[in-house]
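Some notes on the structure that comes next.
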Amino acid sequence: MGLSKTIWTNPSEFLKSNQPDSPAMFFSPAVLQATARRFLNGFPGLVTYAVKSNPDEIVIANLATAGIQGFDVASPNEIAMIRRLAPHAALHYNNPVRARSEIRAAVEMGVKSWSVDSHSELAKLIELVPAENCEISVRFKLPVQGAAYNFGAKFGATVDLAIELLAKAAQAGFIPSLTFHPGTQCTDPAAWETYIHTAAEIAQGADVTIRRLNVGGGFPSHRLNDVQPQLEAIFALIDSATTEAFGDARPALVCEPGRGLCAEAFTLAARVKAIRDDQHVFLNDGVYGALMELPMIGVIDRIEAVSPTGQRRTGDTVNRIVFGPTCDSVDRLPGELPLPGDLEEEDYLVFHGMGAYSMATNTRFNGFGDLGLVTVLSLQG
């Protein structure tokens, strides 16, 4: 992925001047840093960034500049990158299943915080990780509610198991903590409340005073025009629920947003390859590229149609089936998209809020996937 050396005013200026035939991802450092400051000023604890959501080095560098001092990492490669770009940042290795070789590599790179959700994985950490000044956060799960995607389907201990693991981690001399992930794209603040009260019950059941409570990610990005994320309301509920649940034994709070931090800083422009019989729209990007996530958690309706000369299409909307460029019939966006009736071949569809799980999952299937990265001052226009 090539980074444009020119800083453009906005996406329309670039599209009009270059008319690219490959998809273009527009990045605004100003938006990314403003979003980071929103979390830093609003969340009542340590803000860490889930690197997996967008691991591009330009993202890491801008978050560090904005004041993010912790990163949620899932592999030795992510750990090594953060050590190089932000050498003094806190690293939380919260992928709860690791090979012994991965644990050893993380220990060598100074990781001090680990999550776990099983007896077998806890045994590995006790065997390989020096307990002194090292934290083990037991990850637990509850039935998913209010989220677009269930993170508990793969990771997380039951409440009873979490009690056992927390007690065992404390007995082994580690700093005992708890963590959870309410699921991705949680627009309802109540998604956190039950988890926080359950965390207090787990700590009481294990007879352990936890040092920290990591409330995970799940913080929503702005995907739908009619649903504006209420981050400040989520922050306030997390704060009040923690005090209510723990009282004088209140732990320090940690969060690990991914999409909530990076999504708004990126806008994707995909070109219309063809409009087949006035029914189907074919784009030069799709679910094997930067639009991979849409079939799993739903479409983004913050879409504009722009002509090659930079004019916005404003015709009455028509519902269209939209396909990506590959020969695979799976390469289709979910449902139908309401697009301007005056949309034409070689126009661009501009998708806003595309910074999360897009660049990181872009493939080269069928010879497509050439995604350019363009820096802009503003994502509007």
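The values are calculated or read from the model by the stated rules, or taken from the named source; none is laboratory data. The shown structure was predicted, so the numbers you read here are calculated from the model rather than taken from an experiment. Cβ placement follows ideal geometry from the backbone for every residue including glycine, while neighbour counts extend to all protein chains displayed.
A single member of V318, V287 is in the same structural domain as S17 (by TED's automatic domain parsing) and touching a residue at least 40 places away in the same chain (Cβ under 8 Å), and it is V287. Regarding H119, is this residue at pLDDT 95 or above and in contact with an Asp or Glu (Cβ under 9 Å, 6 or more places away or on another chain)? Yes; evaluated as a whole, the condition is true for this residue.
L253 fulfils the conditions (1) more than 22 Å from Q185 (Cβ to Cβ); (2) within 25 Å of the chain's Cα centre (by Cα) except for a single criterion, (1).
Matching residues to (1) within 18 Å of the chain's Cα centre (by Cα); (2) closer than 30 Å to A99 by Cβ:
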residue: T6; (1), (2): no, no
residue: F14; (1), (2): no, no
residue: P23; (1), (2): no, no
residue: R38; (1), (2): yes, no
residue: N41; (1), (2): no, no
residue: V47; (1), (2): yes, yes
residue: I68; (1), (2): yes, yes
residue: D72; (1), (2): yes, yes
residue: I79; (1), (2): yes, yes
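Among the numbered conditions (1) in contact with a Ser or Thr (Cβ under 8 Å, 6 or more places away or on another chain); (2) modelled with pLDDT of 95 or more; (3) farther than 29 Å from P220 by Cα, the only one that F368 does not meet is (2). In segment 340-368, the qualifying residues are those that are surrounded by fewer than 20 Cβ atoms within 10 Å (Cβ to Cβ) and small (G, A, S), and the one that is farthest from C327 (Cα to Cα) is G341.
Of L294, L333, all but one fail to be under 30 Å from Y195 (Cβ atoms) and buried (at least 19 other Cβ atoms within 10 Å of the Cβ); the exception is L294.
With respect to the conditions (1) out of contact with any helix residue (DSSP H, G or I) (no Cβ under 8 Å at 6 or more places or on another chain); (2) part of a loop (DSSP other than H, G, I, E, B), G218 falls short on a single one, namely (1). Each residue in segment 304-326 was checked for being at pLDDT below 95 and under 14 Å from D285 (Cα atoms), and 0 of them qualify.
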